[in-house]
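Okay, structure first, notes after.
The values are calculated or read from the model by the stated rules, or taken from the named source; none is laboratory data. This structure is a prediction, so every number in the text was calculated from the model and none was measured. Backbone-built Cβ (ideal geometry, glycine too); neighbour counts: all protein chains shown.
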Amino acid sequence: MAKGGPGLAERVAAAQRVVVLTGAGVSAESGVPTFRGTGGLWRQYRAEDLATPEAFGRDPRLVWEWYDWRRQLIARCAPNAAHFAIVHLERQVPEFLLVTQNVDGLHRRAGSVKMVELHGNLWRARCSREGTIQDLPETPLAEIPPRCACGWLLRPDVVWFGEALPPPALERALLAASACDLFLVVGTSAVVHPAASLPVVAKEHGAPVIEVNLEPTPLTALAHESHHGKAGDLLPRLLGFSLAPDPQPPTPA
């Protein structure tokens with residue numbers, strides 16, 4: 001619930017620099033399956049057993065089979081009203097950054113442009129030797145495991161357990177959080193660090209922090225406003241947006 005003061009639409013109207021942090025709750029509303037925890041098994045494996053550099057070193061084919069299966073499930077999902085509300089928000093403020101923990105690519109499909117994908121993207125692969133990035137097709141991979149033109153194995157361009165976030169992505173997110181005048185947290189449990197520290201940084205630098213999530217989180221006590229419910233229902237209303245079914249994406253800067 002809100003803690004008094006101006007509502008989110010009024011805060012947005014007055015803001016010059018806005019940062020939005022999103023998590024798995026936004027993707028879940030599009031039907032993206034949960035690949036961790038109860039019911040998160042694939043064959044007999046858990047995500048924690050496969051999403052590691054060690055697993056890839058032991059059996060890259062197995063790891064790629066799992067990721068290709070995941071990508072085909074996600075390919076059937078579509079962005080929801082929360083994704084599109086964030087696209088509209090990007091158009092409204094002079095300086096904007098979306099920081100997402102999600103790897104499903106739905107924000108880009110919705111039309112978000114100014115964004116940092118902290119944990120990478122399932123629709124990209126990275127050369128194990130050169131570090132070069134290439135896009136992956138929406139269709140199943142023709143070769144598993146895929147290889148770079150140089151002959152080395154490609155790996156999913158995501159952050160695995162035990163790996164650090166890419167320094168440029170984290171630095172960009174921290175800089176934006178420290179300079180923003182409004183920080184919005186949507187669909188995240190606020191327990192995965194270092195992403196969970198971003199709203200703390202924003203508040204320490206004087207920015208109001210607004211939370212939209214299904215249920216209370218460790219961030220709730222810190223936030224200036226906390227709204228509990230589905231982001232796809234709440235976010236467009238709180239922002240005062242009347243969303244068209246298929247909004248045109250913003251023009252890249």
For this session: Would you mind finding the one in 190, 169, 196 that is at negative phi and either modelled with pLDDT under 95 or crowded, with 18+ Cβ neighbours inside 10 Å (or both)?
Result: 196
Exercise. Can you find a residue in the stretch 99-112 that is in a loop (DSSP other than H, G, I, E, B), surrounded by fewer than 15 Cβ atoms within 10 Å (Cβ to Cβ) and not assigned by TED's automatic domain parsing to the domain that holds residue 154?
Worked result: no
Exercise. If you check 125, 149, which single one turns out to be in contact with a strand residue (DSSP E or B) (Cβ under 9 Å, 6 or more places away or on another chain) and either charged (D, E, K, R) or assigned to a loop (DSSP other than H, G, I, E, B) (or both)?
Worked result: 149
For this session: Just give me the residues in the stretch 179-224 being under 20 Å from residue 164 (Cβ atoms) and among the polar types (S, T, N, Q), in sequence order.
Result: 188, 197
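Suppose we keep only residues that are in contact with a strand residue (DSSP E or B) (Cβ under 7 Å, 6 or more places away or on another chain) and farther than 30 Å from residue 185 by Cβ within the stretch 47-83. Which one would you say is surrounded by the most Cβ atoms within 10 Å (Cβ to Cβ)?
If we take residues in the stretch 47-83 being in contact with a strand residue (DSSP E or B) (Cβ under 7 Å, 6 or more places away or on another chain) and farther than 30 Å from residue 185 by Cβ, then 56 is surrounded by the most Cβ atoms within 10 Å (Cβ to Cβ).
Report yes if some residue within the stretch 67-88 is part of a strand (DSSP E or B), closer than 30 Å to residue 148 by Cα, under 21 Å from the mean Cα position of the chain (by Cα) and free of Cβ contacts under 8 Å to residues at least 60 places away in the same chain; otherwise report no.
Residues of the stretch 67-88 that are part of a strand (DSSP E or B), as a first pass: none.
No, that holds for no residue.
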Exercise. Name the residues in the stretch 115-156 that are closer than 30 Å to residue 85 by Cβ and surrounded by 14 or more Cβ atoms within 10 Å (Cβ to Cβ), would you?
Worked result: 115, 116, 117, 118, 119, 120, 121, 122, 123, 124, 136, 156
Exercise. Based on what the data block shows, is residue 85 in contact with a helix residue (DSSP H, G or I) (Cβ under 8 Å, 6 or more places away or on another chain) and in the same structural domain as residue 170 (by TED's automatic domain parsing)?
Worked result: yes
